[in-house]
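The values are calculated or read from the model by the stated rules, or taken from the named source; none is laboratory data. Keep in mind that what you see is a predicted model, and the values were worked out from it rather than measured. For neighbour counting, all protein chains shown are included, and Cβ atoms are generated from backbone atoms with ideal geometry for every residue, glycine included. All accessible areas refer to the heavy atoms of the entire protein, side chains included, with ligands and DNA or RNA removed. Shrake-Rupley method; radii C 1.70, N 1.55, O 1.52, S 1.80 Å.
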Amino acid sequence: MSNFEIVARNDFSDVTYLLEVRHPLLAKAAKPGQFVIVMATEHGERIPLTIADFDRDKGTITLVIQAVGKTTREMQQTCHVGDKLYAMVGPMGVPSPIGHAKKVLCVGGGLGVAPMFPQARAFQDAGAYVIGVIGFRNKDLVFWDDKFKTVCDEVIVCTDDGSAGVKGTVAEGIRLAIEKHPDIDECVAIGPPIMMKGSAEATRPHKIKTMVSLNPLMVDGTGMCGGCRVKIGDQIKFACVDGPDFDGHLVDFDDLMARLKRFTAEERMALEHWNDTCRLMKQADDLAAAAARNDPEHY
Amino acid sequence: MATKKKTIRTIPQERTPVLEQDPKLRARNFSEVSLGYRLEDALREADRCLQCADEPCVRGCPVGIDIPAFIQKIVEKHHHGAYDIITDTNLLPSICGRVCPQENQCEGVCTVGDTLEPVAIGRLERFVGDMAIKEGWANIPYIEPSGYRVGIVGAGPAGMACAADMAKAGCDVTVYEAFHQPGGVLKYGIPDFRLPNEVIDAELDKLKQLGIKFECNTLVGRLFTIEQMVTELGFHAVFIGTGAGYPSFMGIPGESLNGVLSANELLTRCNLMRARDYPNFDTPLKPGKHVAVIGAGNTAMDALRVSLRLGADSVHCVYRRSKTEAPARVEEIHHAEEEGVDFNWLSSPVEILGDDNKTVRALRCVRMELGEPDESGRRRPVPVPDSEFELETDMVVFAIGTNANPILGQTSKLKLNKRGYIATDENLATSIAGVYAGGDIVTGAATVIEAMGAGRKAARGMKAYLGLRDTESVYEPDPAGTRFGIPRREHGFARIRLA
């Protein structure tokens, strides 16, 4: 199998970073829309991460991670080229269906831009006319706009503050795209729940089929715990094995967002605990360094 | 050796009690509840076996352990011999001695049990298994490589049992597991106070000594398919033992509130991911102060007792039938009662009530009464009008069973039955040649020992498919309890027939 070695790393901003992990079998099996579950350390939690790209020749998969919680921040500090992850399992989830749509809107918001990329490429390979809409908070957070240009026929960049491209959220970009192309068959949106909700609302009046990729909390990712259950219309589905892609016009986003807050208090506690530990570790290092300066023999 | 024949009047009348942690103490720790038999306990209890000719216990055991023979070895203080006899048919005595529902199996049909309390076969089995772990015994037979490669999907009890049999038949066995540790339900589901992790690891080590390889972090179906296993990956036979694993919910209002979860999720977070040591381990679990668990099976008992140990002030079991119909082992219910679980028999949830933060506040239930027997033979519960009541709770756990896991159905051409489980013939062969399946993914949720029995049955089928002579088959209990006409307990002795 693989020992989950990190072969490349790229920092997009203070909070967003890319890891390329070697796992030839997984790279061979992965399809757009699928995800992996990663454990950074033996004591770590299992976190689901969407596969942002895969390179079958090199045998690697690409993960784009935002440092928001304890685990992702710790990984930001500890995962370097040559290091190994404790565990990575996948590809999980049903691959995104790449149909025969002629004109497709590929919408990525923030971190969702990364997993949108292989789907946009798949649509292009299937012969569709691909319009990419990618949204960020500001100019500094923009990434992969150049990469999108290689697989899209058109790319609309949106920023909340207008510091790059169109001013506004991706919903604004979707509006512009639909205005220009009234014959769009399908829309795919990946990003934070609020952004996917906005995208689904933007396409609803035009009756454009909209698929979204949901990101609820998970443990195993194999359908065993039911933590990732989501409301789709009047049905309950498990995002890990029934999804993660669902019809955006049927998803109950408010339910999803409420359930994402399940462990907010615990997560904050973990972060504080970890920050404290880091501070202590740093103090210990500083002390050791100071001691080393005074007494080089001893160290 | 005592030559006097034992009778029901001469054996110790009372079943030998086992030392247990005090209920008040143990309800707050994760150490094992039952401390197991000491040597003198085991000797006394072994003496209660009549060594009857009928041997109903052997037929009552899903894997057919030669129970009277191993008990006789304990009487003779030949504990290694007892271990050898058990491991002829069951490689995992420490696990089965702890988690088998013996009252429905061997102990349920014990001859002594007709008059007195049955022989505590499970406790004796555990005694032998634990001694083997302590002494480092392993029953590693001489294995002649057969040249066949066997792939096993799922490192739970079914997969472990099948792997052991195939390895003993000389196959090169690889077990794939989706989690980061092998063990399946033994690791993620059954809590430490019932089955300590050290015991599971010791038993897994024995499988590794047989040459079995474990590949974790491998999601079969998605990383590679079952079809690819028998083609590209070159496995001559494959066994699927993935478990049922897709937890059921009731479909009552309020199920998506925060604080509502499946027992699988609670147990996995607590046991496998060690959320109980949070924040030293990263997986969070918001423990409930007032917990309601719906269902009364073994999983429900585990969820109830784990909740107590996580520090809950009150823990309620809600079950729509009465205690007699509860599917959990008698011992588990008894332990839960001792530890202070509040049982609400004949109660069925109708709605989960939440507060403004979409978090559970209370569980509304209705009282039930038992009506006419249904198709399962149990009396069907019917709601009593105007009997609704509310339980104050901040966590609701569903332990009402599981449905079929869909991954292999989605990714292979395996034929499924109408409930979504894998369809097999009587030898547990699936619709793909060389691919066998057993355990919960075939039958739906059942017990550890039934899964092991299925794993062994599938192994017999696989050996026949590969053309391997099944050396195990002569160990099968036949009605006369003999092999080549020689009683089992006389094996290894020369028989001299006087003219």
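Close contacts from segment B:195-220, counting a first residue that is within 11 Å of chain A (Cβ to nearest Cβ) and a second that is surrounded by fewer than 16 Cβ atoms within 10 Å (Cβ to Cβ), with Cβ to Cβ under 6 Å and a gap of 6+ residues or different chains, come to B:215/A:1.
You will find that of A:156, A:174, the residue that is open to solvent by 20 Å² or more (accessible area, probe 1.4 Å) and hydrophobic (A, V, I, L, M, F, W, C) is A:156 and no other. Does any residue of segment B:342-355 turn out to be under 30 Å from residue B:123 (Cβ atoms), out of contact with any helix residue (DSSP H, G or I) (no Cβ under 6 Å at 6 or more places or on another chain) and either at pLDDT 85 or above or within 14 Å of another protein chain (Cβ to nearest Cβ) (or both)? Yes, the conditions are met somewhere in segment B:342-355.
May I ask you to say which residue of A:64, A:94, A:68 is among the aliphatic types (A, V, I, L, M), part of a loop (DSSP other than H, G, I, E, B) and under 16 Å from residue A:12 (Cα atoms)? Walk me through it before giving the result.
Details: A:64 fails: part of a loop (DSSP other than H, G, I, E, B); A:94 fails: under 16 Å from residue A:12 (Cα atoms).
Answer to the check: A:68.
For segment B:22-35, the count of residues that are open to solvent by less than 20 Å² (accessible area, probe 1.4 Å), within 30 Å of residue B:459 (Cβ to Cβ), modelled with pLDDT under 90 and under 25 Å from the mean Cα position of the chain (by Cα) is zero. Among the residues of segment B:169-186, those that are crowded, with 22+ Cβ neighbours inside 10 Å and not in a loop (DSSP other than H, G, I, E, B) comprise B:173, B:175, B:176, B:185, B:186.
Grab the strands (runs of 3 or more DSSP E) fully contained in segment A:168-245, keeping just those with 1 or more residues being of a type outside the set (Val, Ile, Thr) and closer than 27 Å to residue A:126 by Cα. Please lay out each step first, then the result.
On the way: elements: A:186-190, A:209-213, A:229-232, A:235-238.
Of the strands (runs of 3 or more DSSP E) lying wholly inside segment A:168-245, those with at least 1 residues that are of a type outside the set (Val, Ile, Thr) and closer than 27 Å to residue A:126 by Cα span A:186-190, A:209-213.
Assess whether residue A:23 counts as being open to solvent by 20 Å² or more (accessible area, probe 1.4 Å) and either away from chain B (no Cβ under 13 Å) or out of contact with any helix residue (DSSP H, G or I) (no Cβ under 6 Å at 6 or more places or on another chain) (or both). Here the answer is no, as residue A:23 does not meet what is asked. If only residues of segment B:109-135 that are farther than 18 Å from residue B:96 by Cα and of a type outside the set (A, V, I, L, M) are counted, the one that is most open to solvent (accessible area, probe 1.4 Å) is B:114. Does residue A:256 satisfy being part of a loop (DSSP other than H, G, I, E, B) and facing another protein chain (nearest Cβ under 10 Å)? When the stated conditions are applied, residue A:256 does not pass them.
Only strands (runs of 3 or more DSSP E) wholly contained in segment B:218-302 count here; list those with 3 or more residues that are in contact with a strand residue (DSSP E or B) (Cβ under 9 Å, 6 or more places away or on another chain) and closer than 23 Å to residue B:405 by Cα. Explain how you work it out, then say what you get.
Numbers: elements: B:237-240, B:260-262, B:290-294.
Output list reads B:237-240, B:260-262.
Write out, first by first residue and then by second, each pair whose Cβ atoms fall under 7 Å of each other, whose residues are 6+ apart or on separate chains, and whose first residue, in segment B:243-269, is at the interface with another protein chain (Cβ under 8 Å from one of its Cβ atoms) and without any contact (Cβ under 8 Å) to a residue 24 or more places away in the chain while the second is open to solvent by 10 Å² or more (accessible area, probe 1.4 Å) and part of a loop (DSSP other than H, G, I, E, B). Cβ pairs passing all conditions: B:269/B:285.
The rows are residues; the columns are (1) open to solvent by 60 Å² or more (accessible area, probe 1.4 Å); (2) under 27 Å from residue A:94 (Cβ atoms).
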position: A:27; (1), (2): no, yes
position: A:31; (1), (2): yes, yes
position: A:51; (1), (2): no, yes
position: A:62; (1), (2): no, yes
position: A:71; (1), (2): no, yes
position: A:77; (1), (2): yes, no
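Does segment B:378-387 include one or more residues that are more than 14 Å from every other protein chain (Cβ to nearest Cβ), of a type in the set (S, T, N, Q) and either open to solvent by 70 Å² or more (accessible area, probe 1.4 Å) or more than 15 Å from residue B:321 (Cβ to Cβ) (or both)? So far as segment B:378-387 goes, yes, one or more of its residues are more than 14 Å from every other protein chain (Cβ to nearest Cβ), of a type in the set (S, T, N, Q) and either open to solvent by 70 Å² or more (accessible area, probe 1.4 Å) or more than 15 Å from residue B:321 (Cβ to Cβ) (or both).
Residue-by-condition table, conditions (1) over 24 Å from residue A:226 (Cα atoms); (2) over 28 Å from the mean Cα position of the chain (by Cα):
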residue	(1), (2)
B:345	yes, no
B:348	no, no
B:351	no, yes
B:376	yes, no
B:390	yes, yes
B:400	no, no
